[in-house]
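Structure first, then comments.
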Amino acid sequence: MEDMIFYDRLQFAFTITFHYIFPQLTMGLSLLIVYYKWKYLRNNNEKYNNAAKFLMKIFAINFTMGVITGIPMEFQFGTNWAKFSELTGGIIGQTLAMEGLFSFFLESSFLALFIFGEKLMGQKLHFLTGFLVFLGSWASGWFILATNAWMQHPVGYEILENGKFVLENFSALFTNPWLLPAFLHNQMASVVTSSFVVASIGAFYILRKKQVEYGKLFLKTGVVFGLISSLLVAFPTGDWNAKNVAKYQPAAFAAMEGIFETEEAGAEIVLIGQPNMVEKKLDNKIAVPNILSFLTHQDWNKQIPGMDQFKEEELPDNIPALYYSYHIMVGLGTIFIGIMALALFFLWRKKLYTFKPLLWFIMFLVPFPYIANITGWYTAELGRQPYLVYGLLKTSDGVSPTVSSGNTLFTLLGFVALYMLLGLLFLVLVGKTINEGPKLQKH
């Protein structure tokens, strides 16, 4: 049974990790596309229109890959997680259906109109189609986050005698106190990824001395949006999320912060340390006293429960992975603020476009926002364990009892091979699009 649960979780973790490479770019990129199209309407400078259409081509490739890699996850609800779907389908089916019916079709329909309908519609309607693509992509994130928020902090439900969850209050799904902070944090993180991608394309063009005018435009936009979104990811959205975890999932909060023992007079914040699960402590710890209590409760001496205050079965089942995921996310987020602040300073001094070391650094920094986003999601999902629905439905009770671990492992290997090919195809298509650049588009 343990092997079956492990492979079911591993397969879903792999497929959703690969899938989320694409939506995190499309959600943020849609905002930048709307920004460029708005700039074009304001000053009639064709380079902004070209920039918007160029980024929409990258958006379209990502959107297509997101659809292809998203479909298998829906089937996994029925194959690997049939019991979970049977028990909770009356609730999570609501938000997942709305995501498909409203957001996906809104996004896909107006994406086609934006790409092919500019001459037919005129510029104002073309801007409107871009805005509706943005609205659809962010609405998609809203409905998916509403589903996840219910799993993290279930509200508005009733459990029948047969164990099935039914929806008692539809509006509670969207007023869930977990939802808004998680949504804003997630969307700002997607803007971080998109900003770094756009800035790296700009740095690439400048370093190659190819389409330098667009290179400067992309770099400037990426740096400004990147710094703003990086700051917003940290505060207030990240702060708000952390306080929610401390309030609703205190065992997960203790684990991700590395608090093995409760401290009487305020909790320290750990900067560096390695979880030692045998001795229940952090090795080689570097920490600042009382800071965590102040950040969480605005009280230097407020006690925060450590892992010693919870039963073993209430704690996350992989504490080191949760701890490292959280600290990688926070560490990278801090670095992003520093890098983008430095880049903005050089931009202000009119030296950014000629300072090659920083341009190279920005160009090669592009994978790290993806890592930060994915480890952020790992933090949320590992923190919810050992539950599928926090406090109510254990992960072990949601798997399909008739699907063997061998079958799951076999299909996982198939996914790995297929997704490697899809990944290569994606890199070729995006690389070709970037190499062509905005100037070579037909107007």
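In the chain, the longest principal axis of the Cα atoms and the axis of helix 367-384 are about 20 degrees apart. Size of the chain from its Cα atoms: along the principal axes, largest to smallest, the extents are 63, 48, 41 Å. Placing a pseudo-label 7 Å from each Cα along the Cα-to-Cβ vector at Glu261 and Phe364 gives an inter-label distance of 4.3 nm. Taken as Cα centroids, region 1-56 and region 192-270 sit 16 Å apart, rounded to the nearest whole angstrom. Taking a Cβ cut-off of under 13 Å around Ala287, the surrounding Lys, Arg, Asp and Glu residues balance to a net charge of -3, with basic ones at +1 and acidic ones at -1. From the P(r) of region 1-121, could you give the percentage of C-alpha pairs in the tail past 25 Å? Roughly 40 percent, once rounded to a whole number.
Counting only Cα atoms, the size of region 44-202 along its three principal axes is 64, 28, 28 Å, in decreasing order.
When the GluC sites (Glu not before Pro) in region 235-326 are filtered for DSSP coil states and for at most 15 other beta-carbon atoms within 10 Å of their beta-carbon, the remaining sites are Glu261, Glu264, Glu279. Sites listed here are trypsin sites (Lys or Arg not before Pro) in region 289-357 whose DSSP assignment is loop and whose Cβ has at most 10 other Cβ atoms within 10 Å: Lys311, Arg349, Lys350.
Comparing mean-square fluctuations of Phe196, Phe14, Phe174 from a GNM of the chain with C-alpha springs under 10 Å, the top value falls on Phe14. On region 1-136, 69 percent of the accessible area sits on carbon and sulfur atoms, based on a 1.4 Å probe. The distance between label points at Val67 and Lys247 comes to 3.9 nm (points 7 Å beyond Cα on the Cα→Cβ vector). Among the trypsin sites (Lys or Arg not before Pro) in region 191-258, those located in a DSSP loop and surrounded by at most 14 other Cβ atoms within 10 Å of their own Cβ are Lys209, Lys210. Just checking the listed ones, Met121, Met188, Met329: in the Gaussian network model of the chain with Cα springs under 10 Å, the one fluctuating most is Met121.
Students often get this wrong: which residues of region 232-265 have the backbone nitrogen under 18 Å from the point 7 angstrom along Cα-to-C-beta of Trp300? Under cut-off, by backbone N: 263-265. Relative to the longest principal axis of the chain, what angle (0 to 90°, nearest 10) does the C-alpha long axis of helix 105-116 take? For helix 105-116, the angle is close to 20 degrees. Taking all protein chains into account, the per residue accessible area for the chain stands at 47 Å² (1.4 Å probe). Could you tell me the relative contact order of region 272-387? Use alpha-carbon pairs under 8 Å, at least six residues apart, and round to a whole percent. Answer for region 272-387 is 28 percent. Across the chain, Cα pairs under 8 Å and at least six residues apart give a relative contact order of 20 percent. Relative to the current alpha-carbon distance between Met420 and Thr402, full extension at 0.36 nm per residue lengthens the span by 3.6 nm. When the alpha carbon gyration tensor of region 133-238 is reduced to an equivalent ellipsoid, the three semi-axes, largest first, read 41, 13, 9 Å.
Under a model in which nothing but the beta-carbon of Lys, Arg (+1) and Asp, Glu (-1) is charged, the chain shows a dipole of about 3160 debye around its Cα centre.
Relative to the longest principal axis of the Cα atoms of the chain, the long axis of helix 212-232 lies at roughly 30 degrees.
Please give the net charge around Ala13, taking every other residue with its beta carbon less than 14 angstrom from that of Ala13, where Lys and Arg add +1 and Asp and Glu add -1. Surrounding charge for Ala13 is -1. In this label model, Ala112 and Glu74 are separated by 1.7 nm, measuring between points 7 Å along each Cα→Cβ vector.
The values are calculated or read from the model by the stated rules, or taken from the named source; none is laboratory data. Please read these numbers as outputs of a predicted model, since none were measured by experiment. Note that we place each Cβ from the backbone using ideal geometry, even for glycine, and neighbour counts take in every protein chain shown. Calculation scope for accessible area: heavy atoms of the full protein, side chains included, ligands and nucleic acids excluded. Shrake-Rupley method; radii C 1.70, N 1.55, O 1.52, S 1.80 Å.
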